[in-house]
Each structure stands twice: as C-alpha cells, then as structure tokens.
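Colleague: Have a look at this one.
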Amino acid sequence: MLRVEAQKQLGDFSLDVAFSTEGRVTGLFGSSGAGKTSLVNIIAGLLQPDRGLVAIGDDVLDDTSRGLHTPPHRRRIGYVFQDARLFPHLDVSQNLDYGRRMNGLTYDRDAQSRVVDLLDIGKLLDRRTGRLSGGERQRIALGRALLAQPRLLLLDEPLGALDADRKAEILPYLVRLRDETGVPMVYVTHDPQELRRLATEVVVLERGHVARFGSPDILSGVITPTEIQALEAGH
C-alpha cells in the first residue's frame, strides 16, 4: 500500500494531498499545474514535504514529525520521465544495465531476459540510443527501471512526448507491465484515455488538492481534446 499525506509550498503554489492506495496502477490525473509532478517528486524523495508522511507498506520514507527523510537512492523506487533520459554514449544493453549497477545489484540473466521479452527489445540491444524511435526509447527507459528491481514504479507522463501512433505502440506494453510484473505503478497523465485503459485507481488533482479518488469510472465525464474534435467532426 502507498500512503501519502503531504503538504508543500512551492512559491505561490500549495500542494496539500492525502490518499492511500493498493492499486496496481494508481493514476494521477489533472491539468497542467495541478501538482502531479510535484507529488510524484515527493514520493520519489526528490522533494521533501514541509509537513506529512510518505510510506510504502510498513516502510515510512518521510515523516516530518520525526524528522525522517529517506534519500531517493535508498527508496527502491523506479522513475520513468517523459523524455526517457537515456545515456547517448551507451548502447541499449548498457543503458538497461545502468540501474542495476548503480544499485549494486547482482546481474540476473533470467531477469534481464524476462524484461527484454516483456518489452520486445531484443533486436535493439546493440543499438545506440540516437537510432531509436520515441516509442523504443520509452521501452528502454521502462526496462532500465524494472531491472533496478523497484518496489514501486513512477511514470511521469511517459507518453506525453509521443504522437498518437507511438502512444498506441507503447500502451500495450504498459498493460503487460501491470498484469505480468507485479510492480505497482503511479502513472501521471492529463489524458483520461490512458487511465481508462491502464489504471486500477485514480487520484484527480485540482490546484494542488485531491478533488476525487476512486476507480477509473470517475473519469467518465472527462473527454480529451482529440475526442472533442471527433465529436465536432461528427456534427
């Protein structure tokens, strides 16, 4: 279970959230500026809450009442960004192995094979990252995070920089991650279609606060700009 009770003042913006989730994929939904990335950075340990608590199961990572803050590298949390952040001087295989080495983990050939097969990246292992498509880069970033053996995976708009075709390419792999790895995810997006396909629970943020929390059904009245255009074209 992920439990978050966090308050953070960031300039003129106030983040004040509280929720607990046992979902396989917890979606963080909201418009730009709602506080999604700030909240994920608090979970990752990149930001410290001014007041509050962050815990995964019985392991408390932040507790301001006790002056407790676990640094990011000790949280065993994987983080996948919108821009993948691969290392251009390393090939795909070396990028995949980076997280394992940085965490001092023993090489596990079986685990590597499972991740490579899961993400269908076996043919890419010898390539330089500059020769990858946007969708391929995101699959490599996902693989690198998984091979670091995280207990929680954070995905901050991982499809945000991709066109519609590349999004359609990546979403099935994210569904496979949800169904086959057992690693819980927190998935950030402002696209309700992604959460309807992927999320098991949804936190809706508005102006730094939790406006709604529940199943993806709470997004039933939300439509995307693409859906609006399709409706208008139909008329």
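Taken together, the values in this text are just the output of simple stated rules run on the coordinates, not laboratory data. Not measured: the values here are computed from a predicted model. Glycine also receives a Cβ, built like all others from the backbone with ideal geometry; neighbour counts cover every protein chain displayed.
Colleague: Given the Cα-Cα distance of F19 and L105 and 0.36 nm per residue of separation, how much length would full extension add, in nm?
Modeller: Details: separation 86, 0.36 × 86 = 30.96 nm, distance 3.20 nm.
Gain in length upon complete extension: 27.8 nm.
Colleague: Set the Förster distance to 35 Å, then compute FRET efficiency between D126 and R196 from the Cβ-Cβ distance, nearest 0.05. Let's see the in-between values first.
Modeller: On the way: r = 37 Å, r/R0 = 1.06.
Result of the calculation: an efficiency of 0.40.
Colleague: Please list, in order along the range 61-76, the HN-Hα scalar couplings obtained from phi with the Karplus expression 6.51 cos²θ - 1.76 cosθ + 1.60 (θ = phi - 60°), rounded to whole Hz, x for Gly and Pro.
Modeller: 9, 9, 8, 5, 5, 10, x, 9, 9, 7, x, x, 6, 10, 8, 6
Colleague: Oh, and also: Could you work out the relative contact order of the range 44-86? I mean the mean sequence separation of Cα pairs under 8 Å and 6+ apart, divided by the number of residues, in percent.
Modeller: Normalised by residue count, the contact order of the range 44-86 is 35 percent.
Colleague: Suppose each label sits 7 Å from its Cα in the direction of the beta carbon; what would the R76-L10 distance come out to in nanometres?
Modeller: It works out to 2.7 nm between the two label points.
Colleague: Length gain on complete extension for the stretch D217 to D50, per 0.36 nm per residue less the alpha carbon to alpha carbon distance?
Modeller: Details: separation 167, 0.36 × 167 = 60.12 nm, distance 3.24 nm.
Full extension from D217 to D50 adds 56.9 nm.
Colleague: Tell me what the chain gives for mean residue ellipticity at 222 nm when only DSSP H runs of n ≥ 4 count, each as -39,500 (n - 2.57), the sum divided by the residue total, rounded to 500 deg cm²/dmol. Working shown, then result.
Modeller: Details: 7 runs with 79 residues, N = 235.
Helices in the chain give a 222 nm mean residue ellipticity of -10500 deg cm²/dmol.
Colleague: While we're looking at this one, here's another question. With volume of the Cα convex hull per residue in Å³ as the read-out, I listed (i) 150; (ii) 254; (iii) 138; which label goes with the value calculated from this structure?
Modeller: Here the calculated entry is (iii).
Colleague: Quickly rank 51-58, 1-8, 82-89 as a protection proxy: mean count of other C-beta atoms within 10 Å, highest first.
Modeller: On the way: 51-58: 16.0, 1-8: 18.6, 82-89: 14.5.
Peptide ranking by packing, descending: 1-8, 51-58, 82-89.
Colleague: Show which lysines lie in cross-link reach of K8 when reach means a straight Cα distance below 20 angstrom and same-chain residues fewer than eight apart are skipped.
Modeller: The qualifying lysines are K36.
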